[in-house]
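Data first, discussion second: the structure below is written as structure tokens.
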Amino acid sequence: MSHPSYNITSLIIVGGGIFGSAIAYYYKKENPDKEVVVYERGELCSGNTSRAAALLSRVRPYSHVIPLSIETYRVIAELENITGDRLPVSYNGALHLASNSEESKALAAMLGKASGFGIGSEYISASEAAKMAPWLDADSAEKIAFIPGEAITDSYLLGMAFATAARIIGVKFVRNTEVSELLKYGNQVTGIRTNKGVHSADKVVLSAGIWSINLAYNMGIGLPFAPVRSQYWITDHSESQFPVSSPTVLIPAANFYARPQGNSLLFGVREAKSVYADPKTLPDDINSYKFSNDNGWQDLEEGWRKFSPFFPGFDKVGIKSYVAGFSGYTPDNQFVLGEVDGIDGILLATGCAGAGISIAGGVGLGISRLAGNHPNPFNFEPYRHNRFGSIDPYSPIHLANCAAARSKKTSG
Ligand SMILES: Cc1cc2nc3c(=O)[nH]c(=O)nc-3n(C[C@H](O)[C@H](O)[C@H](O)COP(=O)(O)OP(=O)(O)OC[C@H]3O[C@@H](n4cnc5c(N)ncnc54)[C@H](O)[C@@H]3O)c2cc1C
């Protein structure tokens, strides 16, 4: 199949979640004469982006991840200028608790890496921590680090800020339109097929979240991640226990994280055995998926045994909401970003490892530079799609490995 060059779109982006919207924004900003079209099956940012707990954690165990989140912090003011709307970002900081010498060592190493990027932190006492987060009893912690400036936001609004800014500078969004196939001629991706016809492009970005697995598989790429469930709960309102100004709290020993949500507490527990889905069984609309028969109650009971010493008042607090969704986890808890070996004209922005909101800026900038054939300011080497060799993305062993990786995650 050949195509005339005069009517080929420069960049087609498949999926209008936070990744697709961010990439569209950066690419159009740096390539104003190029045409950029985003295809979204439903409504923008209505997939897993709208379900995130929206911790914008910069401080993570890997040096290559930190700059991706730093870019997200930088771009927020830029998006606000373009859209004219303030984003609800709270820079309340974060408390990281270490409960034994191994965790204290890991915490010190992580803070050392963060300080290399200019992110400061200090160790504080349990009573100082309780002043910041009155629900927290950190007496048993060996070390408590406070990282000022760590932020939380609303993930849907941040995703929509990228989309709105992108639209203002000229990106075209085609909503309610499903991409059924990525088209390839020899080793070159040439465009996409939708229910409305074929659309050719110089480059295609695959940013269809967990659904990317099936689209990639149909063109011979086995993406190395699985849809793995995350879930969190939101407590009833209590101004005295959950001040809006309190920091995010991360407790690896209890597989627990929490952040203020107004005057309530949003908290998540990473189960010992994370739940995954076979990618073939995913519904088109995530809102129709039954994530739990009991609003995660059994998992909460299991998690409670570990987190209750840190949250002694928990049994007197009411729970008002439950939220669950899928993230794309790999066996090494890293992302799947960048070029595809052996196939030109396609870029991957998938495998978010539950951190897609905080790294959205870096993903947007890095992928857009690669799409424009410019050097990527970030190191995407650890995120190569073929780092595990050949993967059958439907194999139960592979899916279980990905779920196990999420259970071991300790950062935000
Ligand atoms: C409960 C929960 C808590 C989380 N908490 C955090 C957090 O605190 N911090 C953080 O950084 N991250 C968090 N995450 C992860 C974050 O939500 C994801 O990393 C992020 O939303 C990924 O964005 P995305 O654009 O890749 O995916 P999505 O938002 O799922 O977007 C993919 C889009 O592609 C579209 N699409 C799919 N197939 C097609 C097709 N064939 N044609 C056209 N369009 C298609 C979908 O409709 C969808 O809109 C959390 C996730 C969950 C579930």
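If one takes the longest principal axis of the Cα atoms in the chain, at what angle in degrees, from 0 to 90 and to the nearest 10, does the Cα axis of helix 360-371 lie?
For helix 360-371, the angle is close to 20 degrees.
With a 1.4 Å probe and all protein chains kept in place, how do His96, His64, His237 rank by accessible area, largest first?
I get His237, His64, His96, largest accessible area first.
Of all beta bridges DSSP finds with both residues in the chain, what is the antiparallel percent, to the nearest 5?
Percent antiparallel among DSSP bridges in the chain is about 70.
Provide, as a two-decimal number, the C-alpha radius of gyration of the chain over 2.2 N^0.38 Å, N being how many residues it has.
Compactness ratio reported: 0.97.
What is the gain in length, in nm to one decimal, between Glu128 and Asn386 on full extension, counting 0.36 nm per residue of separation less the C-alpha to C-alpha distance?
Full extension of this stretch gives 88.3 nm more.
Could you please put Lys172, Lys408 in sequence from largest to smallest accessible area, using a 1.4 Å probe?
Per-residue accessible area, sorted high to low, gives Lys408, Lys172.
For Asn218 and Lys290, what does the FRET efficiency come to when R0 = 22 Å and r is the distance between their Cβ atoms, rounded to the nearest 0.05?
It comes out at approximately 0.25.
Work out from phi, with θ = phi - 60° and the Karplus expression 6.51 cos²θ - 1.76 cosθ + 1.60, the ³J(HN,Hα) of each residue of the range 325-341, listed in order in whole Hz, and give x for Gly and Pro.
Per residue, the Karplus-derived 3J(HN,Hα) values read x, 10, 10, x, 9, 9, x, 10, 6, 10, 9, 10, 9, x, 6, 10, 5 Hz.
Is there a quick way to get the dipole size of the chain? I mean about its Cα centre, with the Cβ of Lys and Arg at +1 and of Asp and Glu at -1; what is the value in debye to the nearest 20?
400 debye
Quick check on my link table: of Lys113/Lys273; Lys172/Lys203; Lys105/Lys273, which ones sit more than 22 Å apart, alpha carbon to alpha carbon?
In this structure, Lys113/Lys273; Lys105/Lys273 exceed 22 Å between Cα atoms.
Return the lysines within reach of Lys320: Cα separation strictly under 19 angstrom, same-chain partners fewer than 8 residues apart disregarded; answer none if there are no such residues.
Output for Lys320: Lys290.
Give the distance, in whole Å, between the Cα centre of the range 297-357 and the Cα centre of the range 141-162.
The range 297-357 and the range 141-162 have Cα centres spaced 15 Å from each other.
State the answer as a single residue: which of Ser230, Met160, Ile8 lies farthest towards the positive end of the charge dipole of the chain, with beta carbon charges of +1 for Lys and Arg and -1 for Asp and Glu, about the Cα centre.
Going by the Cα projections, it comes out as Ile8.
If you line up the long axis of helix 66-83 against the longest principal axis of the chain, both from Cα atoms, how many degrees apart are they, to the nearest 10?
Around 70 degrees separate the two axes.
Cα axis of helix 101-115 to longest principal axis of the chain: angle in degrees, 0 to 90, nearest 10?
Helix 101-115 sits at roughly 50 degrees to that axis.
Give me the aspartates and glutamates in straight-line cross-link reach of Lys29: C-alpha distance below 12 Å, same-chain residues under 8 apart excluded.
Counting by Cα, and skipping residues close in sequence, Lys29 has these aspartates and glutamates nearby: Glu78.
Roughly how many Å is it from the Cα centre of the range 393-409 to that of the range 41-81, as a whole number?
24 Å
Of all accessible surface on the range 172-297 at a 1.4 Å probe, what whole percent is carbon and sulfur?
Carbon and sulfur atoms account for 45 percent of the accessible area of the range 172-297.
Keeping every protein chain present and rolling a 1.4 Å probe, give me the accessible area per residue for the chain in Å².
Value for the chain: 40 Å² per residue.
Please work out how much accessible surface Glu102 shows to a 1.4 Å probe, ignoring ligands, DNA and RNA, in Å² rounded to 10.
Per-residue accessible area (Glu102): approximately 150 Å².
At a Cα cut-off below 24 Å, give the lysines reachable from Lys316, other chains included and same-chain residues fewer than 8 away excluded.
Lys131, Lys306
Using a 1.4 Å probe and counting only protein heavy atoms, arrange Glu30, Glu150 so the residue with the most accessible area comes first.
Output order, biggest surface exposure first: Glu30, Glu150.
The values are calculated or read from the model by the stated rules, or taken from the named source; none is laboratory data. Owing to the predicted nature of the structure, the values given are computational and were not obtained by experimental measurement. Note: ideal-geometry Cβ built from the backbone for every residue, glycine included; neighbour counts use all protein chains shown. What goes into the accessible areas is simple: the full protein's heavy atoms, side chains included, and nothing from ligands, DNA or RNA. Shrake-Rupley method; radii C 1.70, N 1.55, O 1.52, S 1.80 Å.
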